[in-house]
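Presented below is the structure to which this report refers.
The values are calculated or read from the model by the stated rules, or taken from the named source; none is laboratory data. Quick caveat: nothing in here was measured; it's all calculated off a predicted structure. Cβ: placed from backbone, ideal geometry, glycine included. Neighbour counts: every protein chain shown. Remember, those area values only see protein heavy atoms, side chains included, never the ligands or the DNA or RNA. Shrake-Rupley method; radii C 1.70, N 1.55, O 1.52, S 1.80 Å.
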Amino acid sequence: MLDIIQLDKELLIFLNNLGSEPWDGLWLAITNQLNWAPLFVFIIYLTIRSFGWKRGGFMVLFMILLVAFSDQFTNLIKNSTERLRPINDQEIKDVLRTLIEPQSYSFMSGHATTSTFFSVFVVLLLKEKYKYIYLLLFFPLIFSYSRLYLGVHFPIDVFVGIIVGILFANLYFLLFKKLDNKLFN
């Protein structure tokens, strides 16, 4: 019988061990949310520029609420499932390259969930205004991969986070459109 958890561990070991010391600093920088601040400021700028202060400000507020909701939702899931992080998994921790040691649980990846949720929502908001906005979708892929490189999430944690992020972004966009139509049309 196929053991998905064992395959998940083996895939993580493989991906994590592709890393090397010369690249560690880059991936540590990539995984740090604060280093992405210029991207977020740019998105705020594009939103305000495209929709004006009032409507654009409403959109930015919606983005802030999205991040807060996603963060709380992923913490609820992590604390409900209590899956150990790879660095705490006795079976594999000694074969992983460990650069950071977060103490929360692993399933599901908040980095993957929130970055995907945010990016897909922004693409849905701005796709009519900027044809290259789809390039923003590289952000959650790179950001999520950093969690595998650093050995702090299993591939399933990241994959499920991305799927949940896509689903939430589409549902959240539908809610946004209803409120936007009521307030601005």
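Taking each of 131/177; 78/182; 9/127; 78/129; 9/131 in turn, the alpha-carbon distance tops 29 angstrom for 78/182; 9/127; 78/129; 9/131.
For the stretch 1-57, the solvent-accessible area with a 1.4 angstrom probe is 70 square angstrom per residue.
Taking Cα atoms only, the orientation of helix 37-81 departs from the longest principal axis of the chain by about 40 degrees.
Here residue 54 is the anchor, and the aspartates and glutamates within straight C-alpha reach of less than 13 Å, apart from those fewer than 8 places off in the same chain, are 180.
For the peptides 47-58, 118-129, the ranking by mean Cβ contacts within 10 Å, running from highest to lowest, is 118-129, 47-58. On the chain, 67 percent of the accessible area sits on carbon and sulfur atoms, based on a 1.4 Å probe.
Taking 0.36 nm per residue of separation and subtracting the current Cα-Cα distance, fully stretching the chain between residue 26 and residue 135 would add 37.2 nm. Taking every alpha-carbon pair under 8 Å whose residues sit at least 6 apart, the stretch 1-138 reaches a relative contact order of 23 percent.
Provide the gained length on full extension for the span residue 15 to residue 104, in nm with one decimal, where the gain is 0.36 nm per separating residue minus the Cα-Cα distance.
Fully extending the segment from residue 15 to residue 104 adds 29.9 nm.
Helix 155-184 versus the longest principal axis of the chain: what is the Cα-based angle in degrees, 0 to 90, to the nearest 10? Result, in degrees: 10.
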